[in-house]
Structure formats: C-alpha cells, structure tokens
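Colleague: I'd like to ask you about the structure that follows.
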Amino acid sequence: MTTLIAPSILAADFGNIERDCNMVNSSEADWFHIDIMDGVFVPNISFGMPVLASIQKYAQKPLDVHLMIVDPDRYIETFHKLGAEILTIHYEACNHLHRSIQIIKSFGMKAGVALNPHTPISHLKNIIDDIDLVCLMSVNPGFGGQSFIKNTFAKTMELRKLIKENNSACIIEIDGGVTDQNAAQLISSGADVLVAGSHVFKSDNPLEKIKILKRIT
C-alpha cells in the first residue's frame with residue numbers, strides 16, 4: 001500500500017484551527033491524527049470533545065483519533081459520535097483489551113492499539129488478528145516535538161514479522177519524531193502510516209513538508 005501521512009493536529013495553531021484544517025484538506029495528507037490526553041495516563045492535557053467537534057466540522061479526511069487516557073471504554077461511543085473513523089487505545093491503559101477492541105468495532109470504527117516505547121511487541125501476539133492498526137510510539141507519549149527513539153526501526157520490523165506470521169491485515173502507524181530524515185527507513189522497516197506534527201506545522205511550508213513525506217518510498 002502507499003504510505004499514508006497523518007498530520008498531528010496537536011502541533012497545529014489552535015487560534016487558527018480552521019485555517020490549519022483547511023491546509024490539511026488541501027494537502028496530500030490522508031488522515032487527521034488527533035491526540036486526546038487526560039493528564040493522568042500521560043503528563044499532559046491536550047483537548048477534549050468541543051475542540052474535536054470543531055475539527056470534525058472542518059475536516060474532509062478521516063479522523064484518526066489516538067486516546068492517551070485511562071479507562072477509554074467510557075468514551076468510545078462519544079468519539080464515534082464525534083466522527084472518529086479510526087480509534088486507537090493504549091495497551092497500557094486497558095484492563096480488558098479484547099473487550100475494548102470489540103466495543104470499538106461494534107460502532108463501525110477501525111480499532112487501533114498503541115504501544116509505548118518500552119512495551120514489547122510480543123504483548124500483541126494474542127490480539128494481532130483482531131485489530132486494524134498498531135500505533136508504535138517512537139517518543140514517550142504526552143508532548144509534541146520530542147526526539148525520535150531509534151529502537152523504533154527494529155520494533156517496526158519485529159511487528160511486521162508478527163503481522164506476516166499471522167496473516168493479519170493490521171497496518172503499522174508510527175507516531176513521534178517523524179521527519180523526512182527518518183521516513184524512508186521507517187517505511188523500509190514496515191511502516192504504513194506516518195504521523196508528523198511539529199515537522200509539518202512548525203515548518204515554513206507545511207504543504208511542501210507533507211508532499212515530501214508523501215513522496216518518500
């Protein structure tokens with residue numbers, strides 16, 4: 001499949017959210033990546049339902065919603081109503097992961113599972129057939145603009161092997177510190193979706209940055 005690019009709205013200018021959403025709409029990006037943080041699971045608070053509702057109003061591409069929150073089951077239906085097409089929950093935040101995945105799918109959304117940098121790929125062995133996406137955190141979750149963790153390359157290859165061994169249709173998303181300097185190696189390691197925040201929104205030409213990422217193979 002062609003690599004998908006998902007600009008992370010966490011790095012956008014919230015004083016100009018309509019402008020930045022329209023930029024993504026007009027770009028070669030494929031998804032809007034939206035991080036929801038609760039200040040408990042991660043040491044930061046991003047934004048909640050009203051801001052997501054505003055993004056949904058302007059977005060013309062799928063909403064890839066990444067929940068960095070405890071007890072995500074409480075809000076699955078809410079995020080469905082707010083337009084999430086892909087809903088990703090953290091392995092580390094779920095006591096009953098398989099049940100949470102079933103709930104997400106019951107609302108017609110694609111189900112993703114995110115792994116923190118320290119969480120082994122092997123933990124997904126018994127669930128890989130049931131999920132649509134794995135989001136590998138290539139930074140410690142909670143804040144944008146962090147440096148990329150180089151072990152992500154090996155972790156991506158290990159995950160690709162697990163997917164292949166199980167004949168799974170699951171795709172791999174990389175989130176954190178993605179730039180045009182490491183994108184090619186991530187793709188060659190097995191990544192299908194690249195999330196880029198600061199690299200896009202803090203650049204002089206976000207449209208061009210997205211175009212460059214999209215053309216890397």
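The values are calculated or read from the model by the stated rules, or taken from the named source; none is laboratory data. These numbers were taken from a predicted model, which means no experiment stands behind them. Reconstructed Cβ throughout: ideal geometry from the backbone, glycine too, with neighbour counts over all protein chains shown.
Colleague: When you check Lys164 against the structure, is it basic (Lys, Arg) and under 29 Å from Asn16 (Cβ atoms), yes or no?
Modeller: no
Colleague: Surrounded by fewer than 19 Cβ atoms within 10 Å (Cβ to Cβ), under 20 Å from Met68 (Cβ atoms) and either modelled with pLDDT under 95 or not small (Gly, Ala, Ser) (or both): which single residue out of Gly176, Gly145 fits that description?
Modeller: Of the residues listed, the single one that is surrounded by fewer than 19 Cβ atoms within 10 Å (Cβ to Cβ), under 20 Å from Met68 (Cβ atoms) and either modelled with pLDDT under 95 or not small (Gly, Ala, Ser) (or both) is Gly145.
Colleague: Return the residue satisfying two criteria in turn: it lies in the range 76-99 and is surrounded by 21 or more Cβ atoms within 10 Å (Cβ to Cβ) and either of a type in the set (S, T, N, Q) or at pLDDT below 95 (or both), and of such residues it is nearest to Ala114 (Cα to Cα).
Modeller: Here the answer is Thr88.
Colleague: Suppose we keep only residues that are out of contact with any helix residue (DSSP H, G or I) (no Cβ under 6 Å at 6 or more places or on another chain) and polar (S, T, N, Q) within the range 186-217. Which one would you say is farthest from Thr3 (Cα to Cα)?
Modeller: Asn205
Colleague: For the range 20-71, name all the residues that are among the acidic types (Asp, Glu), within 19 Å of Ile104 (Cβ to Cβ) and either surrounded by 18 or more Cβ atoms within 10 Å (Cβ to Cβ) or modelled with pLDDT of 95 or more (or both).
Modeller: Once the filter is applied, which keeps residues that are among the acidic types (Asp, Glu), within 19 Å of Ile104 (Cβ to Cβ) and either surrounded by 18 or more Cβ atoms within 10 Å (Cβ to Cβ) or modelled with pLDDT of 95 or more (or both), the range 20-71 yields Asp35, Asp38, Asp64.
Colleague: Enumerate the pairs (first residue in the range 56-80 and in contact (Cβ under 8 Å) with a residue 40 or more places away in the chain; second residue anywhere and charged (D, E, K, R)) with beta-carbon separation below 6 Å, excluding pairs fewer than 6 apart on the same chain, so at least 6 apart or on different chains.
Modeller: Pairs that qualify, where the first residue is in contact (Cβ under 8 Å) with a residue 40 or more places away in the chain and the partner is charged (D, E, K, R), are Tyr58/Glu18; His66/Asp35.
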